[in-house]
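**Student:** One structure follows; several queries about it will come next.
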C-alpha cells in the first residue's frame, strides 16, 4: 500500500498545511455531507458531532494515515485502522458510504484551502483518501464475514431477558437473540444498540459486553448520561433507562472491538474508572471461570461505593481467585466491604502500588484518567507496549497517548 511517486511528493509538500487545517476541514465536511445525505445522521453519534469529538478523530486519523504513507519512520497505522474498522462494523457502515464521505471530505478540503488545492494537489489527496478507505473497506468486509453478518442487514433483534439496577445511574440488560445464538465474541468486546427516538431520529451507541462469553445471551451495562455545563442528557442511554425492560426488543450489532483478553497465562493489571469497569468486569468473569489461578491486580476509581457498578460480582471473583487483589479509590468516601482491602479516599494513585512482573495492562475510563494512569505505570517500569486501552466514543488518543 503506497502512493504513486507523483502523489507522494505532493502529499509530503502539503501534509503540514492539511494537518494545520484538518479540524476546520472536518467542520465544513460534516454539515455539508449531512445536508446532502440526512440518512447518515442515523449512523453517526450526534452527541460526538455536537461537541466536536468525531471531526477531530477523523482529522487526526486521515492525517496520521497520510504521514505513514510518506514517512517510513512514522508509527504503524495498522492498529488504529483496525480499531476504526471494529467501530464501523458495530455501526453497520457499508462500503458504498465511503464514496459519499470521500466526495464531501475532498470538497471540504477545497473549500477551506481554496486556491492552494490545485488539480494536482486535489488528485494526490484523493489518492490518500482512497487508500485509507479501501484499507478500511477490506478490513470491515473481513470482520463482517467472520461474524456471518450481511452488511446490508447489520442489525439483529435481541430481547431483554432481565434488567438489573447496578446503582442510581447504572443498569445492566441481559440480552438474548430473538432467533439463533449469540455470535462468537471475545471477552472485552462491545456491541452497538440502535434505538428509534421520539423525535423520529435513529441513533446507535456502543456498550461493552460486561459478561464473559455465554453463547445464549450477553450482558451490557449502561450508565445513564446526564448533561453537564449545559450539555443535553444522553438520548440513547436515557431512552434505554426509561424503556428497556424485560420483553423489550432491541436492534443490536455484531460484537466488535480490539481490546480483548489474551489467551496467555501472563499476569494482568486491570485499571478502570467509573463506567469503564464494564470491560474489566467481563475480563474478571472470564478469568474466574477459565483461569482462576492467573495473577490479577484490579485498580478502580469511582465517585463513591454507591456509584461502583458491578461491585458485588467483582468482589466474589476476587475473593475466589487465589492470586487476585483489588484496590479501589473513592472520591467522596473510602467505604467498602470489610472482606476487601479498604478503599482509599480521593483519586487513584498508582505511584506506589505493587505490580507483578511482565504484566499486561488493560485500561478503560475517561481519557484524562487513562493518560495519567499510563504515565504512572510507565514511571513504575511498565513498558508502553504492554499498556492497552479502550476509549468510549471517538479515539482521540490514537496518535498522542501522552
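**Student:** Determine the equivalent ellipsoid of the stretch 5-147 by diagonalising the alpha-carbon gyration tensor, then write out the semi-axes as square roots of 5 times the eigenvalues, largest first, rounded to whole Å.
**Tutor:** The equivalent ellipsoid of the stretch 5-147 has semi-axes of 23, 19, 13 Å.
**Student:** In whole Å, what are the extents of the stretch 104-174 along the principal axes defined by its C-alpha atoms, from largest to smallest?
**Tutor:** 59, 34, 15
**Student:** On a 0 to 90° scale, report how tilted helix 5-20 is relative to the longest principal axis of the chain, with both axes built from alpha carbons and the result rounded to the nearest 10.
**Tutor:** The angle comes out at about 60 degrees.
**Student:** Measuring from label point to label point, each 7 Å out along Cα→Cβ, what is the residue 320 to residue 352 span in nm?
**Tutor:** 3.4 nm
**Student:** Quick one: what Rg and Dmax do you get for the stretch 156-252 from the alpha carbons, in Å?
**Tutor:** Spelled out, the Cα radius of gyration and Dmax of the stretch 156-252 are 13.3, 44 Å.
**Student:** A further question follows. Over all directions, what mean area does the Cα convex hull of the stretch 268-390 project, stated in square nanometres? Don't skip to the answer; put the middle values down first.
**Tutor:** Numbers: hull surface 26.9 nm².
It is 6.7 nm².
**Student:** What whole-number volume per residue, in cubic angstrom, does the convex hull of the C-alpha atoms of the chain give?
**Tutor:** With only Cα atoms used, the chain gives 149 Å³ per residue.
**Student:** OK, next. Would you mind getting the Kirkwood hydrodynamic radius of the stretch 271-319 from its Cα pairs, rounded to one decimal in Å?
**Tutor:** Kirkwood radius, the stretch 271-319: 11.1 Å.
**Student:** Hey, for a label at residue 197 modelled as a point 7 Å past Cα toward Cβ, could you say which residues of the stretch 1-36 have their backbone N under 17 Å away?
**Tutor:** 31, 34-35
**Student:** Working from Cα positions, state the angle (0 to 90°, nearest 10) between the long axis of helix 119-147 and the longest principal axis of the chain.
**Tutor:** Rounded to the nearest ten degrees, it is 40.
**Student:** Angle between the Cα long axis of helix 78-91 and the longest principal axis of the chain, 0 to 90 degrees, nearest 10?
**Tutor:** 80 degrees
**Student:** Set the Förster distance to 35 Å, then compute FRET efficiency between residue 145 and residue 74 from the Cβ-Cβ distance, nearest 0.05.
**Tutor:** Calculated value: 0.70.
**Student:** Next question. Given the options 172, 61, 181, which has the most mean-square fluctuation in a GNM of the chain, springs set between C-alpha atoms less than 10 angstrom apart?
**Tutor:** 181
**Student:** Compare the peptides 319-325, 218-224 by average per-residue count of other Cβ atoms within 10 angstrom and give them in order, highest first.
**Tutor:** Ranked from most to least packed, the peptides come out as 218-224, 319-325.
**Student:** Next question, about the same structure. Looking at the stretch 227-314, what % of the alpha carbon pairs are farther apart than 21 Å?
**Tutor:** Here the tail beyond 21 Å accounts for 51 percent of pairs.
**Student:** Using the C-alpha gyration tensor of the stretch 82-207, what are the square roots of 5 times its eigenvalues, in whole angstrom, with the largest one first?
**Tutor:** In descending order the semi-axes read 37, 18, 13 Å.
Bear in mind that the values in this text are calculations on the coordinates, not laboratory data. This is a predicted model, so every value here is computed, not measured. Note that we place each Cβ from the backbone using ideal geometry, even for glycine, and neighbour counts take in every protein chain shown.
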